[in-house]
Amino acid sequence: MVYFILIVCSFILLFSNLSVAEQSGEAQLEEVVVTGERLVVPESKISVKNAETLPAQVNVVTPEDIDRITYNPMRPITSLMQKVPGANIVHFGQGDMGGSFGMRGFSSTVGHDVYTAFYIDGVPQYFQILGSGASSIPAQWLTPEVIDRIEVVKGPLSALYGSPALGGVINVMTKKSDKSSISLQAGSYGSFRPNLVISTDKSPVIPFISAEYFRTDGYRENSRYTRDGNVFAKFTVPIGQHYLS
């Protein structure tokens, strides 16, 4: 008797499900066809605007970030780069001989090779250290006054840049123009740094000139440091929607 009741209940459930399925089938929507065009973005080596074309994460140090960051005048570029998550910055501590930039476990000074590419306005910056097999990136002359932004692309980009870009790519973009200004910084241990900026965007040839002097006695013996006449000059000519600098 029990088995008979179970069989009857099963048939009732089966037919009720079929009835619900038929009712739901009557309420089905018509076929929806979605059409569109494929958007092809030209690949650029480093471009925040085309960041979706890059197979890695992109970080940008903006002009607003540069204004907020407290930096060391002896090593300004490494001070700015230390704010980028996952970037390993090493300064050799011997004047302006350069530094080491690394990401994703790849350093820019490993043996004779460079594994993190470093560019200034798209120009690669690699130099061999005399007497050693390592390479340095002499970017300490880049003062915050001349930097427009820093673009950091993490991850292996050797297909676009070759073997130096296994860890990632760093591209420092310098300013085309700015407001003319005079600034003065002073600190302990006889630190003294004036900086002059001359620029205008009202002329056919846009000039941007930044001149810096820096000296410090240092906090220990034989640590005095002087950077005389650090001058950056850039002249830009608009050509249509592009620029020639």
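The values are calculated or read from the model by the stated rules, or taken from the named source; none is laboratory data. On a predicted model such as this, the values are computed, not experimentally measured, just so you know. Here the Cβ is made from the backbone with ideal geometry for all residues, glycine too, and neighbour counts use every protein chain on show. Calculation scope for accessible area: heavy atoms of the full protein, side chains included, ligands and nucleic acids excluded. Shrake-Rupley method; radii C 1.70, N 1.55, O 1.52, S 1.80 Å.
For Y71, the solvent-accessible surface with a 1.4 Å probe is about 40 Å², rounded to the nearest 10. Accessible area ranking (1.4 Å probe, heavy atoms, ligands and nucleic acids excluded), largest first, for I182, I170: I182, I170.
Annotation: amide H of R227 within the under-5 Å range of F214, R215, sequence separation 5 or more or interchain, hydrogens built in the peptide plane.
Compared with the direct C-alpha span, the chain from A186 to T236 gains 14.8 nm at full extension, assuming 0.36 nm per residue. Working from label points 7 Å from Cα in the Cα-to-Cβ sense, the T35 to T226 distance is 7.6 nm.
Our coupling estimate for the stretch 237-245, obtained by passing each phi through the Karplus curve with A = 6.51, B = -1.76, C = 1.60 and θ = phi - 60°, is 10, x, 10, x, 8, 10, 9, 10, 10 Hz, Gly and Pro reported as x. Annotation: Cα Rg of the stretch 137-208 relative to the compact-globule expectation 2.2 N^0.38 Å equals 1.53.
Please tell me which of these pairs span more than 21 angstrom C-alpha to C-alpha: K83/K179; K154/K179; K179/K202; K202/K234; K83/K234? Pairs exceeding 21 Å: K83/K179; K154/K179; K83/K234.
Only Cα sites of the stretch 174-229 enter the Debye sum here, all with the same form factor; the resulting log10 I(q)/I(0) across q = 0.15, 0.16, 0.17, 0.30 1/Å is -0.54, -0.58, -0.63, -1.12, listed in q order.
Run the accessible area of the stretch 165-212 with a 1.4 Å probe and give the carbon-and-sulfur part as a rounded percent.
Working: 1550 of 2430 Å².
Result for the stretch 165-212: 64 percent of the exposed heavy-atom area is carbon or sulfur.
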